[in-house]
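Worksheet: one structure, shown below.
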Amino acid sequence: MGKAPRVRVIFKLKRITQDDWQIEAHCPGVEIRTIKGFKTKAEVDEWLQGSRRIDWLRSQGYAK
């Protein structure tokens with residue numbers, strides 16, 4: 001059996017209001033997914049650079 005093709009997920013931060021931030025996950029061929037619940041840009045940066053991003057990718061089937 002061969003390996004499944006790698007899917008590249010691109011994360012983009014989005015400021016809704018001063019204390020409401022979101023992350024948009026752009027995946028080829030899939031509708032944009034929104035990750036909500038961030039109050040600051042620092043929280044978004046921490047999510048993107050920490051283990052929560054990998055946990056999310058795993059939960060969506062994009063990582064092992």
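The values are calculated or read from the model by the stated rules, or taken from the named source; none is laboratory data. Here the structure is a predicted model, which means the values were calculated and not measured. Here the Cβ is made from the backbone with ideal geometry for all residues, glycine too, and neighbour counts use every protein chain on show. Accessible surface is based on the protein model in full, side chains and every heavy atom, while ligands, DNA and RNA are left aside. Shrake-Rupley method; radii C 1.70, N 1.55, O 1.52, S 1.80 Å.
Below, the figures for the structure above:
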read-out: Count of lysine pairs in the chain with Cα separation under 14 Å (8 or more residues apart, or interchain); value: 6
read-out: The chain: relative contact order as a whole-number percent, Cα under 8 Å and 6+ apart; value: 23
read-out: For the chain, alpha-carbon Rg and Dmax in angstrom; value: 13.0, 49
read-out: Distance between modelled label sites at Ile32 and Asp45, nm, 7 Å Cα→Cβ extension; value: 2.3
read-out: Test item: Cα-centred dipole of the chain, Lys/Arg +1 and Asp/Glu -1 on Cβ, debye; value: 320
read-out: Inter-probe distance in nm under a simple model that places probes 7 Å from Cα toward Cβ, at Ala63 and Asp19; value: 3.0
read-out: Å² of accessible area per residue within the chain, as computed with a 1.4 Å probe and no ligands counted; value: 80
read-out: For the chain, with +1 on Lys and Arg beta carbons and -1 on Asp and Glu, the positive-most of Gly29, Thr17, Ser51 along the dipole; value: Gly29
